Amino acid sequence: MAVVADLRAALLRLVPDESRVSEVESVLDQHAGDLSYHEPHRPDVVVFAESTAEVSAVLAHANAAGVPVVAFGAGTSLEGHVIPLHGGISLDLTRMNAVVAVRPDDLTATVQAGATRSQLAAAAGPHGLWFPVDPGADATLGGMAATNASGTTTVRYGGMRAHVLALEVVLADGRVIRTGTRAVKTSAGYNLTELFVGSEGTLGVITELTLRLHPIPERIIVARAAFPSVEAACRAAAAIIGAGVLVTRCELLDATTIAALNAFKGTSFPESPYLFIELGSELETVRELAEDEGATAFESETDPTARARMWDARHSALMASLALAPGSKAMTTDVAVPLSELAPAIEHARAALDASGLRGGIVGHVGDGNFHLAFLLDPADAESVRRAQALNTSLVEDALARGGTCTGEHGIGYGKLGYLAREHPDLLDLYRGIKELFDPNGILNPGKVVP
Ligand SMILES: Cc1cc2nc3c(=O)[nH]c(=O)nc-3n(C[C@H](O)[C@H](O)[C@H](O)COP(=O)(O)OP(=O)(O)OC[C@H]3O[C@@H](n4cnc5c(N)ncnc54)[C@H](O)[C@@H]3O)c2cc1C
């Protein structure tokens, strides 16, 4: 306790505002866990930073004192990323949320790390521009960069790595560096920008980002196609992508998820597997390819409200699944496979889920060969956790055997440490070397990413 009091006193000298160096129990709890089944663990103190200088001062102090620091954005990550496994400081960036500049002539914007996706959308929209990376949750752009987030639009635009041009980062010892430039391309030196993207707060704390923007498409059509099976829906998705149709989104929802959404959002979709597709043209090609795979219903619309309602339903899939068993927590798998392996991988997932006796649904950014299985469990019930872990392992091993990856977008956190070791056993020494170079005292989000 005396140690924590000393830490708080030292932090108050750097951030001289009682309300921003918090030990309030509810604040500690908000920074102790995530939506997943991973057991929460409180930080000793939460610091709400308001400037790069404050982040730098806090890190320099923590580095000298050997205190762990976990950067915290919106806390929507799903693999235990933000859980301060060893206590210490949860460094909340949400008050650093300015949109610093929108540059329509360059198609770029610069934001502070705590700005959210929707804040950037509101600033870019009046210029006819948008930032397409869309993980569903209203995450911070710093957190999205730190997890290399992607989502429904990645099939057309790419994920965070394709969108981050430059970063301001505070290193473990408090040094402030800038990577990249405002130019859309560079061949100058090692690509540290892309190294920080996806580093999950283990190599530095991002304080500012320069991001690519895109013109808002003039014509947007959404289509919904129901299929007799998830495999047929996956084959249709692969055919649509393979035909070169420029879809902006191509999402799979299985019958269980559709039923959960109907109950949660009051929609009335027939309870069968669906593809939700967004595109600008070639609707008839998509219809034909869907019907070739046995689509039983095909509807399309252009009305912005109807479109927003459909994507809102899609983004509510996890919450709708959780509502099936109030009080439960979700274990979400997030594997990605080559497109040609998608249908058999999902067939394996469905069979493994049925055999496990757990409840859950399958959704997927299937245009990228990426799918999620959210299964519900009671974290206090050791048997349901054991069965869920066995199911998770089976799905990851199947994905790896098909030439895929243990995570398409959620990242490693600490939930997938063991799977990273299976996927890249020969890279672990290099990962450890990189971690040691950037964070020799191991203060930055310890216990994450590097097994
Ligand atoms: C309903 C739901 C749906 C989701 N769907 C998707 C999806 O489709 N695609 C997808 O990619 N993800 C998805 N996610 C996961 C989540 O939204 C992403 O991981 C998101 O990018 C995390 O951003 P955040 O601001 O919440 O970061 P946090 O959860 O706060 O932090 C995530 C990690 O980044 C680190 N971090 C945060 N800010 C910084 C910073 N400024 N500098 C350095 N490190 C930092 C943290 O230490 C932590 O390790 C979903 C989550 C939910 C709840």
Q. What residue among S356, I220, V205 has its Cα farthest toward the positive end of the dipole of the chain, where the charges are +1 on Lys, Arg and -1 on Asp, Glu, each on the Cβ?
A. V205
Q) In degrees from 0 to 90, rounded to the nearest 10, what is the angle of the helix 2-14 Cα long axis to the longest principal axis of the chain? A) 90
Q) Taking neighbour Cβ counts within 10 Å as the exposure measure, how do M319, M96 sort from fewest upward? A) M319, M96
(Q) For Cα pairs less than 8 Å apart in space and 6+ apart in sequence, what is the mean separation divided by the residue count of the chain, i.e. the relative contact order in percent? (A) 16
**Q.** Charge dipole of the chain about the Cα centre (unit charges at C-beta), most positive-ward option of M310, S328, T147
**A.** T147
Q | Length gained when the stretch R103-A64 is fully extended (0.36 nm per residue, less Cα-Cα span) | A | 10.1 nm
Q) At 222 nm, what helix-only mean residue ellipticity would the chain give, in deg cm²/dmol to the nearest 500, using -39500 (n - 2.57) for each DSSP H run of four or more? A) -10500 deg cm²/dmol
Q) Using Cα pairs under 8 angstrom and six or more residues apart, how large is the relative contact order of segment 30-96, in percent? A) 49
Q. With +1 on each Lys and Arg Cβ and -1 on each Asp and Glu Cβ, how big is the dipole of segment 148-236 about its Cα centre, in debye rounded to the nearest 20?
A. 360
(Q) Please compute the length gained on full extension between E25 and A121, using 0.36 nm multiplied by the number of residues separating them and subtracting their Cα-Cα distance. (A) 31.2 nm
Q) How large is the dipole of segment 2-92 about the Cα centre if only Lys and Arg carry +1 and Asp and Glu carry -1, each at its Cβ, rounded to the nearest 20 debye? A) 220
Q) For the Cα atoms of the chain, what angle does the longest principal axis make with the long axis of helix 428-438, in degrees from 0 to 90, nearest 10? A) 40
(Q) Can you classify segment 221-401 as rounded, prolate or oblate using the Cα gyration tensor, where a ≥ b ≥ c are the square roots of its eigenvalues, rounded means a/c under 1.5, and otherwise it's prolate if a/b beats b/c and oblate if not? (A) oblate
(Q) Along each principal axis of its Cα atoms, how long is the chain end to end? Whole angstroms, biggest number first, please. (A) 66, 57, 44
Q) Helix 342-356 sits at what angle to the longest principal axis of the chain, using alpha carbons and giving 0 to 90 degrees rounded to 10? A) 80
Q: Could you let me know the centre-to-centre spacing of segment 197-243 and segment 44-61, using Cα atoms, in angstrom?
A: 34
Q. Roughly what % antiparallel, to the nearest 5, for the DSSP beta bridges in the chain?
A. 85
**Q.** Ranked list, fewest to most other Cβ atoms within 10 Å of each Cβ, for Y419, Y414
**A.** Y414, Y419
**Q.** Among V24, V4, A60 - extreme Cα towards positive end, dipole of segment 2-92, charges at beta-carbon
**A.** A60
Q: Just flag the GluC sites (Glu not before Pro) in segment 213-268 sitting in loop per DSSP whose Cβ has no more than 10 other Cβ atoms within 10 Å.
A: E218
Q | Derived scalar couplings ³J(HN,Hα) [segment 374-379; Karplus, 6.51 cos²θ - 1.76 cosθ + 1.60; whole Hz; x for Gly, Pro] | A | 9, 10, 9, 8, 9, x
Q) Given segment 2-92, what whole percent of its Cα pairs are spread farther than 20 Å? A) 28
Q: List L289, L339 from most exposed to least, where exposure is judged by having the fewest other Cβ atoms within 10 Å.
A: L339, L289
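Any read-out appearing in this document is the output of simple, stated calculations on the displayed coordinates, not a laboratory observation. Given the structure is predicted, the values throughout are model-derived calculations rather than measurements. Cβ atoms come from the backbone with ideal geometry, glycine included; neighbour counts cover every protein chain shown.
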